[in-house]
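In what follows, a structure is listed as structure tokens, so that the remarks can point back to it.
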Amino acid sequence: MPLTRRRLLAGSAAIPFLGTVPGQAATPAEILTAQAALVQIAPPEYPKTGVWAYDDQVPGRTLRYRQGDMVDVRLMNGLDQPTTVHWHGLRLPNAMDGVPGMTQPPVAAGSSFDYRFEARDAGTFWYHPHSNSLEQVSRGLAGVLIIDEPDHPDVDADEVIVLDDWRMTEEAQIHDSFDNRHDLSHAGRLGNYITVNGRSEAVYDVESGQRLRLRLINTATARIFDLRVRGLRAWIVALDGMPLPAPVETTEVVIAPAQRVDLFVDVIAEAGEEAILGSVERDGTYALAGFRVSGSSAAARPAPVALPPNTLPEVRLDSARTVPLRMEGGAMRGLPDGAVWKGNRMDMRELAMMDQFWAFNGMAGMTDEPLVDAGLGETVRIPITNDTAFPHAMHLHGMHFREVRADGTFGPWRDTLLVNSGQTREIAFVAENPGSWMFHCHMLSHQMAGMMNWIRVT
Ligand SMILES: [Cu+2]
């Protein structure tokens, strides 16, 4: 039987990966293969680290599109367990959101899945699995997705800075402690080795007077980075992919797991002077990114202007429905009244046997009915009260929200909000995107141990 070119291409694409969706003949422009790999993450005197990665890279390669393009990516699963890709922060059709058992079937080992959706919003986003998330993300599965504005902003360089931490053994291998009950019930899986773009430090050659765009992305599963800039004049221009109405000058940036912060920085250090992006730790400030400055300062630039806004819906509080969310549990406070897990009321000891330590409104883990059942176009307000002893980074899929401040004004658009112990912070969003959307803590140990629920928009 003669092989036609079409058959040959379709056949060769399917060889190692069974279970491809019928009719999936055209090869997407991008293929991401999730698989085990060996990568030099630790300093050179250590061995390579066995990771799970997209295409043998940590972080996965940066996917880049222009606003309005179609994102067209085939995930191939070379792991020995199911996986998916969640496109974090993107407003996309529900079927492309990557939540197994909710928006798509899990992608079995050896299978593939095609993701295709319009790049609606320009900004800095990222992708990661939503299947066995704590282990898969901790082992290295995460990558950056950038959607460029139609007109490039006036900067001399545009750099991605992926912040992550790893829990390593002394042989620089991923510590195999994903069900550690201390992590599940405390601050989560904090690492013992911090990386920038998969290395211990990033170094950039710059000239005094240059303006850089730095896209900070926190892919760690638990660590909140408290950052400082020195030798740089910095403005926040976007949060979680969405531009601020005006740049906000700052010297400090707090970035919780899954959040993104876009900075414009002007190099104000002269040649030979220190310019860093540093992380504040208990015993000092450590450089995560270093800028080797040459040249002498050119004339100072005018202050930056705002990035062009994405088209976001108007949040109307007057007609909004309010659904409070109370977070409880974890070490120190516990769940004295127990919680409902998978339809059964359990006491704290029984919940702990099931690795459940946290609850939303008295419910641990996913529920049959959503936290909010919203009508399409309805505005929903959720005051989030953190009655636990730990901070939590709450992430809503599929839609961005605004914080409603105590004085009734709105905060910036975000998809992930850090709520510290004892705080009540209210969010409001327009249920503009139909489907079933996860609403969960992005400290992934907390998500696994009870802090997840969902919102339905119909
Ligand atoms: Cu949490």
So how do Phe117, Phe401 line up by other beta-carbon neighbours within 10 Å, fewest first? Phe117, Phe401
In vacuo Debye sum over C-alpha of region 45-122, base-10 log of normalised intensity I(q)/I(0) at q = 0.21 Å⁻¹, listed in q order, is -1.04
Once you have the alpha carbon radius of gyration of region 122-280, what is it after dividing by 2.2 N^0.38 Å, with N set to its residue count? 1.10
Overall dimensions of region 317-457 as given by Cα atoms, namely Rg and Dmax in Å: 14.6, 44
Over the chain, what per residue volume does the convex hull of the Cα atoms give, in whole Å³? 169 Å³
Antiparallel DSSP beta bridges within region 83-238, as percent of all bridges there, nearest 5: 65 percent
Starting from the Kirkwood radius over alpha-carbon pairs of region 293-400, derive D by Stokes-Einstein at 10 °C in a medium of 1.306 mPa s and give it in µm² s⁻¹. 90 µm²/s
Could you bin all the Cα-Cα distances of region 24-174 into 5 Å bins starting at 0 and give me the percent of pairs in each, rounded to whole numbers? 2, 9, 18, 21, 19, 14, 9, 6, 2, 0
Counting DSSP beta bridges in the chain, what percent are antiparallel, to the nearest 5? 75 percent
How charged is the neighbourhood of Thr388? Take every other residue with its Cβ under 13 Å from the Cβ of Thr388, and add Lys/Arg as +1 and Asp/Glu as -1. 0
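Just so you know, all these numbers are worked out from the coordinates, no wet-lab data involved. Quantities reported herein were computed from a predicted structural model and do not represent experimental measurements. Cβ sites come from the backbone with ideal geometry, for glycine too, and all protein chains shown count toward neighbours.
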